[in-house]
């Protein structure tokens with residue numbers, strides 16, 4: 001029996017059955033490709049995470065070193081700094097100092113307490129071929145000056161991982177350095193503020209007792225001038241070099 005288009009019913013049904021079968025095959029193929037892409041995506045994500053895990057895990061040395069590098073970069077944005085510093089030692093009276101820092105030029109520490117040492121000044125600045133250290137004792141009107149090579153300070157302050165220094169971050173804003181050269185083999189630094197500046201520093205290790213340093217930042221990038229760091233009052237009448 002033919003319809004008005006001349007197509008028999010069996011042929012008509014066979015056409016739609018064939019179309020339905022082809023449609024199913026297309027859907028199955030599409031699903032298979034989708035599943036394959038999903039599996040490949042998951043595998044790729046897993047590979048990326050595995051490759052980056054040393055930089056993402058807080059327990060990883062690479063992650064800790066990366067965080068420390070970020071702190072260094074924040075400190076590099078500090079052009080000048082004015083702060084109060086308190087040094088606490090077991091069984092000893094506290095030391096209170098004024099800190100002035102000018103990037104690339106000089107750092108100055110002036111003692112405020114104990115009173116018998118008030119006014120004494122320590123400055124350190126780079127000079128040709130090394131560093132110049134000055135200790136000014138106003139009560140004696142005496143200046144002590146010493147020069148030492150660039151490598152001496154760089155070796156003392158070296159924090160490079162290849163030198164065996166271990167870096168840990170026990171808290172979000174606290175890092176610990178172990179294996180340092182010098183009188184203290186371990187330093188714990190608690191940071192704060194936009195520049196991640198030290199707020200509390202604990203020095204441990206060696207033959208020295210634990211020392212705590214508290215820092216109160218008063219001004220950052222406020223336009224400090226070099227003459228403020230190098231001025232001595234009264235001027236020394238004697239120099240020992």
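The values are calculated or read from the model by the stated rules, or taken from the named source; none is laboratory data. Fair warning: this is a prediction, and the values are worked out from it, not measured in the lab. With ideal geometry, Cβ positions are generated from the backbone for all residues, glycine too; neighbour counts draw on all protein chains shown.
Evaluate segment 80-87: report whether one residue or more is within 21 Å of the chain's Cα centre (by Cα), under 27 Å from residue 218 (Cβ atoms) and modelled with pLDDT under 90.
no
Hey, can you tell me all the residues within segment 209-225 that are loosely packed, with under 15 Cβ neighbours inside 10 Å and under 28 Å from residue 138 (Cβ atoms)?
Within segment 209-225, 216, 218, 219, 222, 223, 225 qualify.
So which strands (runs of 3 or more DSSP E) stay within segment 127-185 end to end and still have 2 or more residues that are over 21 Å from residue 197 (Cα atoms), modelled with pLDDT of 85 or more and in contact with a helix residue (DSSP H, G or I) (Cβ under 9 Å, 6 or more places away or on another chain)? Working first, answer last.
Numbers: elements: 130-137, 142-149, 166-171, 174-178.
In segment 127-185, 130-137 are the strands (runs of 3 or more DSSP E) which contain 2 or more residues that are over 21 Å from residue 197 (Cα atoms), modelled with pLDDT of 85 or more and in contact with a helix residue (DSSP H, G or I) (Cβ under 9 Å, 6 or more places away or on another chain).
One residue is enough: does segment 112-120 have a residue meeting the conditions within 25 Å of the chain's Cα centre (by Cα) and either in the same structural domain as residue 229 (by TED's automatic domain parsing) or loosely packed, with under 15 Cβ neighbours inside 10 Å (or both)?
Here is the first cut: in segment 112-120, the ones within 25 Å of the chain's Cα centre (by Cα) are none.
No, because not a single residue in segment 112-120 is within 25 Å of the chain's Cα centre (by Cα) and either in the same structural domain as residue 229 (by TED's automatic domain parsing) or loosely packed, with under 15 Cβ neighbours inside 10 Å (or both).
Kindly indicate whether residue 193 is over 30 Å from residue 170 (Cβ atoms), out of contact with any strand residue (DSSP E or B) (no Cβ under 6 Å at 6 or more places or on another chain) and exposed (fewer than 13 other Cβ atoms within 10 Å of the Cβ).
So residue 193 does not fit the description; no.
Anything in segment 205-241 that is closer than 12 Å to residue 102 by Cα and assigned to a loop (DSSP other than H, G, I, E, B)? List them, or say none.
Passing the criteria: 221, 222, 223, 224, 225.
Could you list, in sequence order, all residues of segment 138-153 that are surrounded by 15 or more Cβ atoms within 10 Å (Cβ to Cβ) and touching a residue at least 40 places away in the same chain (Cβ under 8 Å)? Before the answer, list the steps.
First, the residues of segment 138-153 that are surrounded by 15 or more Cβ atoms within 10 Å (Cβ to Cβ): 138, 143-144, 153.
Within segment 138-153, 138, 143, 144 qualify.
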